[in-house]
Amino acid sequence: MKFVQYNIDPAIKESLEALGFRKPTDIQYKAIPSILKGEDVLAIAQTGTGKTAAFAIPIIDRLLRKKQPHVLRCLVMVPTRELAVQIATVFRDIAGHTHLKVLGLFGGVEQNPQAGALRNGIDILVATPGRLFDLVHQGHLVLDRVEVLVLDEADHMLDLGFLTDINDLVRKLPTRRQTLFFSATINDRIKELAYRIVKKPIRIQLSPKDPVSKNVDHAFARIGMDDKRFFLEKLLKERADAKVLVFVRTRLRADRVSAAMLRVGIPSLVMHSGKDQADRLQVLESFRQGDSRLLITTDVNARGIDIPDVDYVVNYDLPDHPESYVHRVGRTGRGLKRGEAISFVSPEEEPLLDAIEAYTGTEISERNIDAESYRLTIAETEDTPHDNWRKLLEEADAPSKKRRKKS
Ligand code: AMP
């Protein structure tokens, strides 16, 4: 069924058409009818599945059915500032032809403009629990007219220690409300929180066996820790037009890999928690706009962030937590698009690979690099040859390089 056939407000259909959303994704197909009926929903959904529109479309429809002056009727709680900005944008896009006002609210920036926007009246608020809690306590915000509560990335909110804030805020909401609970993973702590705040929910779980999106072809290659930059250089040169997102383990490594790529003529954007909020948003925007095709980041960026048209995800380092693997590779192949992901696995990272395979319940396919191609990749790097060993290797390798050039 296409969106034009849905029983939703024509103003929403007009926006969906403009966004190029014609058919619902799996989660939208499953969640929208229940949410339209006013039911509570508990959804375990992978990243990049279209879950934001899965709740934004029916919520906007609900708010349009009963026209009211601007009062806060929908509250969406999210774990991070970036996600608050992104989800508020989706709401604004879909509600673009309506009178509804949307605000994204998060910490790390001045509070006064936010309080001012709240005073002018809004209908939909997308907020991180910390700043929301502060504004409620200072009397800038009343929650007693909220009809719909959404908890997005609930698992990440618990990881960030927001449980008390969430519980305190939920107590301030009307008990008669619709609650929509989204989490990428499920465990006992999530279940406990969910069952405390949803009522007789409709449960939706997408592909429980393999949480990696079906749209992503993902594989791994065995590469020594010190050789990874040469293989990244090769990959980026072979895919000169691709938009690539590279995940590394630490801030320091993010800066180092970026410097190594610059030495071989490949500029990049870098994002990690050491950068301030304004920088992080700007980096994301530059990458989104295509000012640079390469973003090197730590896991600060793995969850929930929607960057359209990422063609390739590189796990330069494997993540320590298997769930992060799913979030990382979920940055590509979003919506109805296809994507590719590759992980560089050094011998010391093999236990992490095993843990990821146990978590996803699948065996990740290996992209074999034969010894000759491995040596050539290192020999052909354009990196400045501080490394004497590399020069030696190049010399030792010269005959085989010549052979390759002839063929
Ligand atoms: P999300 O999981 O909400 O972050 O969405 C992932 C991506 O899918 C975003 O880039 C959306 O713009 C895109 N998307 C969501 N719904 C649809 C749809 N029905 N058709 C095409 N793309 C979609």
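Average the reciprocal distances over every distinct pair of alpha-carbons in segment 43-142, invert the result, and give the Kirkwood radius in Å.
Details: mean 1/r = 0.0717 Å⁻¹.
Evaluated on segment 43-142, it is 14.0 Å.
Could you give the semi-axes, largest first, of the ellipsoid that matches segment 13-84, computed as the square roots of 5 times the alpha carbon gyration tensor eigenvalues and rounded to whole Å?
Working: eigenvalues 75, 55, 40 Å².
Semi-axes, largest first: 19, 17, 14 Å.
Which Rg and Dmax, in Å, describe the Cα atoms of segment 216-390?
In order Rg, Dmax, the Cα atoms of segment 216-390 give 15.5, 48 Å.
Can you tell me the FRET efficiency between residue 119 and residue 192 if r is taken as the Cβ-Cβ distance and R0 is 30 Å, rounded to the nearest 0.05? Intermediate results must be reported in sequence, preceding the final value.
On the way: r = 36 Å, r/R0 = 1.21.
Given R0 = 30 Å and the Cβ-Cβ separation, E is 0.25.
Taking the convex hull of the alpha carbon atoms in the chain, what volume per residue do you get, in Å³?
Numbers: hull volume 60.5 nm³, N = 407.
Considering the Cα atoms of the chain, their hull volume per residue is 149 Å³.
For segment 303-369 and segment 1-56, what is the separation of their C-alpha centers, rounded to whole Å?
27
Note the per residue figure in Å³ for the convex hull of the C-alpha positions in segment 168-209.
Details: hull volume 3.6 nm³, N = 42.
It comes to 86 Å³ per residue, whole-number rounded.
If you average the C-alpha positions of segment 64-110 and of segment 226-302 separately, how far apart do those two centres end up, in angstrom?
30
Among all stretches of the chain without exposed GluC sites (Glu not before Pro) (DSSP loop, at most 14 other Cβ atoms within 10 Å), which one is longest? The partial results should precede the final answer.
Values: sites that count: 110, 363, 382.
Maximal segment without exposed cleavage sites: 111-362.
If you wrap a convex hull around the alpha carbons of segment 53-100, what volume per residue comes out, as a whole number of Å³?
Numbers: hull volume 3.6 nm³, N = 48.
Given the Cα convex hull of segment 53-100, per-residue volume reads 75 Å³.
What percent does the relative contact order of segment 3-206 come to when contacts are Cα pairs within less than 8 Å and at least six residues apart? Let's see the in-between values first.
Working: 344 pairs, mean separation 58.7, N = 204.
Worked out over segment 3-206, it gives 29 percent.
Run the simple label-point estimate for residue 238 and residue 175 please: 7 Å along Cα→C-beta, distance reported in nm.
Distance between label points: 6.1 nm.
Got a number for carbon plus sulfur as a percent of the chain's accessible area, 1.4 Å probe?
Values: 9290 of 18450 Å².
It is 50 percent, rounded to a whole number.
Have a look at 213, 292, 343 and tell me which one the Gaussian network model of the chain (Cα, springs below 10 Å) gives the largest fluctuation.
Looking only at 213, 292, 343, the biggest GNM fluctuation is shown by 292.
Using the crude model of +1 on Lys and Arg Cβ and -1 on Asp and Glu Cβ, and no other charge, please compute the dipole size for the chain relative to its Cα centre, in debye to 20. Please report the intermediate quantities before stating the final value.
On the way: 62 positive and 58 negative charges, 293 e Å.
The calculation lands at about 1400 debye.
So what is the accessible area of the chain per residue, in Å², with the probe set to 1.4 Å? Please list the in-between numbers first.
Values: 18450 Å² over 407 residues.
With the other protein chains kept in place, the chain gives 45 Å² per residue.
Which whole number in µm²/s is D for segment 3-206 by Stokes-Einstein, with the Kirkwood Rh taken over Cα pairs at 10 °C and 1.306 mPa s?
Details: Rh = 16.9 Å.
The Stokes-Einstein estimate is 94 µm²/s.
For the chain, set up a GNM with springs between Cα atoms under 10 Å and report which of 355, 54, 31 has the largest fluctuation.
Ranking 355, 54, 31 by mean-square fluctuation puts 355 first.
Express as a percent, rounded to the nearest 5, the fraction of DSSP beta bridges in the chain (both residues included) that run antiparallel.
Details: 0 of 48 bridges.
Percentage antiparallel, nearest 5: 0.
The values are calculated or read from the model by the stated rules, or taken from the named source; none is laboratory data. Just so you know, these numbers come straight off a predicted model, no measurement behind them. Counting neighbours? That spans all protein chains shown, and the Cβs are built from the backbone with ideal geometry, glycine included. The protein model used for the area step is the full one, side chains on, heavy atoms only, and it has no ligands, DNA or RNA in it. Shrake-Rupley method; radii C 1.70, N 1.55, O 1.52, S 1.80 Å.
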